[in-house]
Amino acid sequence: MQPLLIEAVLLSRHDQDRKQIEDLRNFLAVSEIPEDDLQSLEELRHPGSCEWFTRTTTFQAWRDMHPNSHPNYWLTAQPGTGKSVMAAHIVRN
């Protein structure tokens, strides 16, 4: 291939990748600034909710990196039950 053709193909692929990333970002409603997403989730939290979770001994052991605690804390629930709101609370606390 000629150098200009190779450059055009690479640029085209780069543009396609960038477009796919932008489409995905729009589909997932991800903002450019993660703090904006965090703030939006915190505003959804009702006063006093989520606090029970951060008081559990299993969470505190994980947060404090207790030697017997697994390095990942897996939180599962049905869609729309507040996992993201809970995660925002955990990040802030």
Would you mind working out the accessible area per residue for the chain, using a 1.4 Å probe, and quoting it in Å²? 86 Å²
Per residue of segment 65-77, what does 6.51 cos²θ - 1.76 cosθ + 1.60 with θ = phi - 60° give for ³J(HN,Hα)? Whole Hz please, x for Gly and Pro, Karplus curve as stated. 6, 4, x, 8, 8, 5, x, 10, 10, 9, 10, 10, 5
What net charge do the residues around Asn93 carry, taking every other residue with its C-beta under 14 Å from that of Asn93, with Lys and Arg at +1 and Asp and Glu at -1? +1
For the chain, the percent of accessible surface on carbon and sulfur atoms (probe 1.4 angstrom, ligands and nucleic acids excluded) is 59 percent
Sequence order, segment 31-38: Karplus ³J(HN,Hα) from phi using 6.51 cos²θ - 1.76 cosθ + 1.60, θ = phi - 60°, Hz rounded, Gly and Pro as x, gives 8, 5, 10, x, 4, 5, 5, 4
Give the peptides 27-33, 44-50 in descending order of average Cβ contacts within 10 Å, highest first. 44-50, 27-33
Over the Cα atoms of the chain, Rg to Rh with Kirkwood Rh, two decimal places? 1.23
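What value, in deg cm²/dmol to 500, does the helix sum -39500 (n - 2.57) over DSSP H runs of n ≥ 4 give at 222 nm once divided by the residues of the chain?
-19000 deg cm²/dmol
From the square roots a ≥ b ≥ c of the eigenvalues of the alpha-carbon gyration tensor of segment 20-72, which class results: rounded (a/c under 1.5), prolate (a/b over b/c), or oblate? Intermediate results must be reported in sequence, preceding the final value.
Values: a/c = 3.79, a/b = 1.69, b/c = 2.25.
Here segment 20-72 falls in the oblate category.
The values are calculated or read from the model by the stated rules, or taken from the named source; none is laboratory data. The shown structure was predicted, so the numbers you read here are calculated from the model rather than taken from an experiment. Backbone-built Cβ (ideal geometry, glycine too); neighbour counts: all protein chains shown. Surface areas here come from the heavy atoms of the whole protein model, side chains and all, with no ligands, DNA or RNA. Shrake-Rupley method; radii C 1.70, N 1.55, O 1.52, S 1.80 Å.
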